[in-house]
Amino acid sequence: MKETLIKVQNLEVGYPNQKVFQNLSFEIHAGQFLAVIGENGIGKTTLIKTLLGQIKPLNGKIEIENHLKIGYVPQFRNIDIEYPLTIADFISLNFTGIKLPWLSKREKQKINEVLKQVNLFHLRNRPLGMVSGGEKQRAYLAQALIKNPELLILDESTASLDPKTKREVLEVVSKLNRELNITIIFISHDLNLVKEYPDSFLWLKRDEYLSGDINNLPDQLKGESHV
Amino acid sequence: MFSYEFMQNAYLAGTLIAIISGIMGVFVIARNMSFMAHTLSEIGFAGAAFGMYAGLTPLNGMLVFTTISSMLVGQLSSKIESRRESVISAISGLFIGLGILFLALSDKSSSYATSILFGSVIGISRADVWQMSILSILILIVSLLMYRNLKDDSFDPVGAKTNHIPNRLISVVFLIMLALNVSVAAQIVGSLLIFILLTLPASSAKYFAHTVFSMMLLAIAFALVGVWVGLYLGYVTNLPVTFFIAVIEALIYGVALIFNQLKYRH
């Protein structure tokens with residue numbers, strides 16, 4: 001039995017005057033690659049924010065393994081393309097804290113290591129504003145990897161990309177899952193990707209939800225490409 | 001030129017001002033706070049008028065006004081940009097109104113007011129230089145210590161949220177440093193044009209640099225060129241130093257824009 005990282009029981013989520021969903025229970029195990037699917041506005045991001053502790057649950061329980069390191073790649077970024085940020089400089093932004101400005105040797109090595117993990121080492125000195133959408137997404141991934149996350153949450157990271165580039169990004173994510181045993185929560189609308197890469201799913205619907213092994217994806221979703 | 005003590009003082013003070021403005025300017029640009037920098041300089045004028053009325057030095061009057069107003073802005077405004085702008089307008093209106101009142105109440109001549117507005121090279125004493133040095137070093141130390149968090153929060157605010165850095169605290173501390181920076185720099189450049197040094201060198205630097213650190217070094221260099229050459233031309237021609245600094249910085253910015261256009265054409 002694999003180690004349980006997150007256990008959610010009878011969770012009720014939302015804002016004071018707007019309940020988003022209730023009675024949600026599921027578990028996330030080490031090494032799992034979970035797809036969270038559901039139509040726009042159903043509350044996928046709200047669920048993630050609740051897991052991250054940014055929103056308080058209205059009811060129910062979330063148990064998170066002690067000291068679990070969570071990396072989060074947000075859905076939208078607000079970075080001016082004129083900013084002088086190379087990819088390496090952008091990744092270094094995640095070395096925060098009250099420390100001297102210049103990076104230590106170890107920190108520089110870590111940057112090179114994550115750059116290689118997402119196949120961006122050759123572009124390390126390229127400004128972030130001058131790379132393609134897929135390369136940007138991989139840079140965001142690399143930035144999240146700086147803190148050695150055991151769980152990585154990707155909030156519709158591939159939404160604005162073309163199908164080929166989506167696969168490129170998902171190949172990298174899948175490699176992180178397989179080779180580094182990083183647990184993945186992947187939020188998406190794209191069922192083609194969901195059928196191909198993740199091993200399990202959580203389908204959020206109005207007033208109910210379905211979850212299980214990816215091979216048991218409900219019939220009504222099997223023929224679809226989007227949800 | 002350097003045989004005059006007032007020119008020595010002006011160059012010492014100008015160099016300090018250029019360095020801190022270059023560094024702070026990078027974050028002013030990244031945080032979209034040009035308007036705040038501009039407003040703080042107007043508030044600085046009001047503070048100097050208050051100082052005149054209350055018997056403080058203009059620098060101390062400015063420090064009081066800009067620090068209080070920046071803390072108010074930090075407390076009242078939020079991440080919502082439109083609200084932030086309204087709060088800044090309201091607070092600057094209040095403080096500038098007070099400045100006009102204190103100017104009317106004090107019995108100093110109007111030439112004193114213009115020297116606050118447009119800056120004055122002759123007016124800087126050695127004691128002023130000392131005080132400015134201490135404030136500049138304070139700004140440098142604080143910005144060194146919070147550099148990493150400030151950089152993350154300024155250049156990638158969405159990502160910074162996931163790092164759990166205290167962004168509210170960072171905003172307030174940054175605003176107070178900006179207030180100190182404005183007060184110090186206004187002594188030479190004048191309160192009307194201090195935002196030039198806080199916005200133009202950094203805005204120009206962003207087109208030549210590839211990293212935040214190199215942007216900072218370039219911003220300092222551009223600010224230094226403007227201040228040093230401006231002081232020299234002011235000395236030689238007897239025309240206002242601020243005029244030359246403004247023209248030099250605007251020219252550098254123009255060149256940066258052209259450079260950027262050419263870069264993208266190829």
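What about A:L141, is it of a type in the set (A, V, I, L, M, F, W, C), in a helix (DSSP H, G or I) and out of contact with any Leu (no Cβ under 7 Å at 6 or more places or on another chain)?
Numbers: of a type in the set (A, V, I, L, M, F, W, C): yes; in a helix (DSSP H, G or I): yes; out of contact with any Leu (no Cβ under 7 Å at 6 or more places or on another chain): yes.
When the stated conditions are applied, A:L141 passes them.
When B:M52 is evaluated against the numbered criteria (1) closer than 24 Å to B:I220 by Cα; (2) surrounded by fewer than 24 Cβ atoms within 10 Å (Cβ to Cβ); (3) touching a residue at least 60 places away in the same chain (Cβ under 8 Å), which criterion, by number, is the only one it fails?
Failed condition: (1).
Could you look through the range A:89-133, keep only residues that are outside any loop (DSSP other than H, G, I, E, B) and at the interface with another protein chain (Cβ under 8 Å from one of its Cβ atoms), and pick out the one that is surrounded by the most Cβ atoms within 10 Å (Cβ to Cβ)?
A:F90
What about B:S191, is it within 14 Å of chain A (Cβ to nearest Cβ), small (G, A, S) and within 25 Å of B:N32 (Cβ to Cβ)?
No; evaluated as a whole, the condition is false for this residue.
A:E171 passes all but one of (1) under 29 Å from B:A209 (Cβ atoms); (2) more than 10 Å from chain B (Cβ to nearest Cβ); which number fails?
Evaluating A:E171 over (1) under 29 Å from B:A209 (Cβ atoms); (2) more than 10 Å from chain B (Cβ to nearest Cβ) leaves (1) as the failure.
Tally the residues that are within 13 Å of B:G14 (Cα to Cα) and without any contact (Cβ under 8 Å) to a residue 40 or more places away in the chain, restricting the search to the range B:122-147.
1
Kindly indicate whether any position in the range B:63-81 is surrounded by fewer than 14 Cβ atoms within 10 Å (Cβ to Cβ) and modelled with pLDDT of 85 or more.
Our first condition is that a residue be surrounded by fewer than 14 Cβ atoms within 10 Å (Cβ to Cβ); within the range B:63-81, this holds for B:75, B:78-81.
Keeping just the survivors that are modelled with pLDDT of 85 or more gives none.
No; the residues of the range B:63-81 include none that is surrounded by fewer than 14 Cβ atoms within 10 Å (Cβ to Cβ) and modelled with pLDDT of 85 or more.
Does A:T86 qualify as being within 10 Å of chain B (Cβ to nearest Cβ) and either more than 19 Å from B:F213 (Cβ to Cβ) or touching a strand residue (DSSP E or B) at 6+ places or on another chain (Cβ under 9 Å) (or both)?
So A:T86 passes the test.
Give me the residue from the range A:29-64 that is among the basic types (K, R) and surrounded by fewer than 15 Cβ atoms within 10 Å (Cβ to Cβ) and, out of that set, nearest to A:W203 (Cα to Cα).
Here is the first cut: in the range A:29-64, the ones among the basic types (K, R) are A:44, A:49, A:56, A:61.
Filter once more, keeping what is surrounded by fewer than 15 Cβ atoms within 10 Å (Cβ to Cβ): A:56, A:61.
Numbers: A:K56: 22, A:K61: 20 Å.
Step by step, filter the range A:29-64, then rank; the result is A:K61.
This table checks each residue for (1) touching a Phe, Trp or Tyr at 6+ places or on another chain (Cβ under 8 Å); (2) away from every other protein chain (no Cβ under 14 Å); (3) assigned to a loop (DSSP other than H, G, I, E, B); (4) farther than 18 Å from A:Y140 by Cβ.
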position	(1), (2), (3), (4)
A:V8	yes, yes, no, yes
A:V20	no, yes, no, yes
A:G41	no, yes, yes, yes
A:I48	yes, no, no, no
A:E63	no, yes, no, yes
A:Y72	no, no, no, no
A:R77	yes, no, yes, no
A:E82	yes, no, yes, yes
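Can A:N192 be described as part of a helix (DSSP H, G or I) and either surrounded by 14 or more Cβ atoms within 10 Å (Cβ to Cβ) or within 14 Å of the chain's Cα centre (by Cα) (or both)?
Answer is yes for this residue.
So, in the range B:154-170, of the ones that are over 18 Å from B:V28 (Cα atoms) and among the β-branched types (V, I, T), which residue ends up modelled with the highest pLDDT? Before you say what the answer is, go through the steps one by one.
Initially, the range B:154-170 is screened for residues over 18 Å from B:V28 (Cα atoms), giving B:159, B:161-166.
If we keep only those that are among the β-branched types (V, I, T) as well, we get B:162, B:165.
On the way: B:T162: 82, B:I165: 85.
Checked the range B:154-170; the qualifying residue modelled with the highest pLDDT is B:I165.
Could you check the range A:10-43 and list, in sequence order, the residues that are closer than 24 Å to A:N181 by Cα and touching a residue at least 40 places away in the same chain (Cβ under 8 Å)?
Scanning the range A:10-43 gives A:F26, A:I28, A:H29, A:A30, A:G31, A:Q32, A:F33, A:L34, A:A35, A:V36, A:I37.
Out of (1) away from every other protein chain (no Cβ under 14 Å); (2) in contact with an Asp or Glu (Cβ under 9 Å, 6 or more places away or on another chain); (3) at pLDDT below 95; (4) under 17 Å from B:R31 (Cα atoms), what's the single condition that is false for B:L200?
Only one criterion in (1) away from every other protein chain (no Cβ under 14 Å); (2) in contact with an Asp or Glu (Cβ under 9 Å, 6 or more places away or on another chain); (3) at pLDDT below 95; (4) under 17 Å from B:R31 (Cα atoms) is unmet by B:L200, namely (3).
Taking the options A:F201, A:F186, name whichever one is more than 14 Å from chain B (Cβ to nearest Cβ), crowded, with 20+ Cβ neighbours inside 10 Å, outside any helix (DSSP H, G or I) and out of contact with any Gly (no Cβ under 8 Å at 6 or more places or on another chain).
Details: A:F201 fails: out of contact with any Gly (no Cβ under 8 Å at 6 or more places or on another chain).
The conditions single out A:F186.
For the range B:204-218, enumerate the residues that are of a type outside the set (S, T, Y) and either more than 7 Å from every other protein chain (Cβ to nearest Cβ) or over 16 Å from B:R148 (Cβ atoms) (or both).
Start the filter on the range B:204-218 by keeping residues that are of a type outside the set (S, T, Y), which leaves B:205-206, B:208-210, B:212-213, B:215-218.
B:A205, B:K206, B:F208, B:A209, B:H210, B:F213, B:M216, B:L217, B:L218 - these are the residues of the range B:204-218 that are of a type outside the set (S, T, Y) and either more than 7 Å from every other protein chain (Cβ to nearest Cβ) or over 16 Å from B:R148 (Cβ atoms) (or both).
In the list A:L51, A:L93, A:L68, which residue meets the criterion of being more than 22 Å from A:S174 (Cβ to Cβ) and not aromatic (F, W, Y)? Lay out the reasoning, then the answer.
On the way: A:L51 fails: more than 22 Å from A:S174 (Cβ to Cβ); A:L68 fails: more than 22 Å from A:S174 (Cβ to Cβ).
Going through A:L51, A:L93, A:L68 in turn, the sole match is A:L93.
For the range B:118-127, give me each residue that is surrounded by 19 or more Cβ atoms within 10 Å (Cβ to Cβ) and either farther than 18 Å from B:G230 by Cα or touching a helix residue (DSSP H, G or I) at 6+ places or on another chain (Cβ under 6 Å) (or both).
So the first thing to find is which residues in the range B:118-127 are surrounded by 19 or more Cβ atoms within 10 Å (Cβ to Cβ), and the list is B:119-121, B:124.
Within the range B:118-127, B:G119, B:V121, B:I124 qualify.
Can you tell which of B:G99, B:G44 is farther than 15 Å from B:A185 by Cβ and surrounded by 23 or more Cβ atoms within 10 Å (Cβ to Cβ)? Break it down into steps so the answer makes sense when it comes.
Working: B:G44 fails: farther than 15 Å from B:A185 by Cβ.
It is B:G99.
The values are calculated or read from the model by the stated rules, or taken from the named source; none is laboratory data. The model shown is predicted, which means the values in this text are computed figures rather than measured ones. Here the Cβ is made from the backbone with ideal geometry for all residues, glycine too, and neighbour counts use every protein chain on show.
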